[in-house]
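What follows is a short report on a single structure.
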Amino acid sequence: MIISFSMGVFSRKSSTDEAVSFPPETESFLNDFKGRHSFDSVMDFLNALKNQKVLVIGDTIIDEYHYCKPLGMSAKENLISVNYESEESFAGGAVATVSHVAGFVKEVGLFSLLGKDNSREDFIRERLGNNVRPHFVYRDDGPTVTIRRYIEKIFLKKYFQLYFHNPFIPEALDKHIAQKLEPLLDEYKTVLVNDFGLGFLGTHAINVICRKARFLAVNTQTNSSNRGFNFITKYPRMDYGCIDHVEIRLATQNRHASISDLVQEISRAVAARYFSVTMGHLGAITYDAEKKEVFEIPVFSQKVIDRVGAGDAFFSITAPLVAMGVPMDAVGFIGNTMGAIAVTIVGNERSIGRNELSRWMSTLLK
């Protein structure tokens, strides 16, 4: 069964008393959704997370934003000259996911890999909440993953980016990571894997995770460093999978089928009952294989400042909700609300907490 909602321009007041207008398909979805879930019932779903203990496993990424002012084309070469203005750094990757999760649950464990060459460990630890327990392993042959972006400041137009990382995982390191991880998995009922494919999780670690995690949520990401080599299908089992619309087409090797069909195919391939696919400005699709329900959730974004970290924000809230048995239409609604907030934040400048999310949902469900 596919449950979709077709497109009014309505206007409502936001929590800041600014008029918020949505297209007809969004209003149609919200009206239908309110017939099944009240604001209070949605808040009950969030409040049920308060006693959860969650383990997040994934790549730590230092996101550097180097702001520049364009000077124009070079007189002698085919390149753009820019003038450096300022820079700032954010703790991204799995650390960003942990920071979001920490605002909703009792305790979060973080298991991640740092490089001994420019580890940035102090910077990372300073940005972890009081209810976060970090567990780090280290590699001798590279830095902590860093992505340096060169950006035009006013409109946040990105010129290009540099990766500082070692994507190769030696077998000895993979076995060491698996050994350190195995006893930790016994301490948590819910495990989130944020796999960016940047040289952390190899075959041995993945096998331990899939064998021992009681509730396993997996998010694998395709980027310019790993394109074609980091499909979600490298995980033989999971309870909940979450990827984007490009990643699902790559993983299924299908360019033309509908996402609604592909989400059912991929869930069978990885033995997942629950699955979500984010689709940028087209919203998201959530799926419950046991009930054979596909939900199409529209986007709630009113403005987009920076898309970096939006997918991580979606995953960070939807995975614990799925683990609690929340209906997948509500999972998609809450996830897309989280994503709508995330795209208004530069990089991973800050995390999204319960109060901010509840204000946005209150506006949507008025």
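Return the residues of segment 341-363 that are part of a loop (DSSP other than H, G, I, E, B) and among the hydrophobic types (A, V, I, L, M, F, W, C); say none if nothing qualifies. If the condition is that a residue be part of a loop (DSSP other than H, G, I, E, B) and among the hydrophobic types (A, V, I, L, M, F, W, C), then Val343, Ile345, Val346, Ile352 are the ones that fit. Assess whether Val263 counts as being surrounded by 23 or more Cβ atoms within 10 Å (Cβ to Cβ), of a type in the set (A, V, I, L, M, F, W, C) and under 17 Å from the mean Cα position of the chain (by Cα). When the stated conditions are applied, Val263 does not pass them. Tell me which residues, restricted to segment 89-102, are closer than 16 Å to Gly199 by Cα and assigned to a strand (DSSP E or B). Hits for segment 89-102 are Gly92, Gly93. Residues in segment 47-87 that are among the basic types (Lys, Arg), under 24 Å from Glu356 (Cβ atoms) and in contact with an Asp or Glu (Cβ under 7 Å, 6 or more places away or on another chain): Lys53 only.
Taken over segment 311-325, the residue count meeting the criterion of being outside any helix (DSSP H, G or I) and surrounded by 22 or more Cβ atoms within 10 Å (Cβ to Cβ) is 0. Taking the criterion of being assigned to a strand (DSSP E or B) and either modelled with pLDDT under 95 or in contact with a strand residue (DSSP E or B) (Cβ under 8 Å, 6 or more places away or on another chain) (or both), would at least one residue in segment 28-36 satisfy it? The answer is no; no qualifying residue exists. Taken over segment 204-247, the criterion of being charged (D, E, K, R) and modelled with pLDDT of 95 or more is satisfied by Arg211, Lys212, Arg214, Lys234, Arg237, Asp239, Asp244, Glu247. Among the residues of segment 226-253, the ones that are part of a loop (DSSP other than H, G, I, E, B) and among the aliphatic types (A, V, I, L, M) come to 1 in all. Screening the candidates Asp44, Asp63 for the property of being of a type outside the set (A, V, I, L, M, F, W, C), at pLDDT 95 or above, surrounded by 12 or more Cβ atoms within 10 Å (Cβ to Cβ) and outside any strand (DSSP E or B) yields one hit, Asp44. I'd like the residue in segment 130-157 that is surrounded by fewer than 13 Cβ atoms within 10 Å (Cβ to Cβ) and in contact with a strand residue (DSSP E or B) (Cβ under 7 Å, 6 or more places away or on another chain) and, out of all such residues, is modelled with the highest pLDDT. That would be Asp140. Annotation: Ser119 fulfils all but one of (1) among the hydroxyl-bearing types (Ser, Thr, Tyr); (2) in contact with a helix residue (DSSP H, G or I) (Cβ under 8 Å, 6 or more places away or on another chain); (3) not in a strand (DSSP E or B); the unmet one is (2). Being part of a loop (DSSP other than H, G, I, E, B) and within 23 Å of the chain's Cα centre (by Cα) is true of Val105. Only one of the numbered conditions (1) under 27 Å from His66 (Cβ atoms); (2) surrounded by fewer than 18 Cβ atoms within 10 Å (Cβ to Cβ); (3) not acidic (Asp, Glu) is not met by Ser362, and that is (1).
Residues in segment 296-310 that are of a type outside the set (Val, Ile, Thr), buried (at least 21 other Cβ atoms within 10 Å of the Cβ), within 17 Å of the chain's Cα centre (by Cα) and assigned to a loop (DSSP other than H, G, I, E, B): Phe300, Gly309.
The values are calculated or read from the model by the stated rules, or taken from the named source; none is laboratory data. It should be emphasised that the depicted structure is a prediction, and the values quoted were computed from it without experimental measurement. Methodologically, a virtual Cβ is constructed for each residue, glycine included, from the backbone with ideal geometry; neighbour enumeration extends over all protein chains shown.
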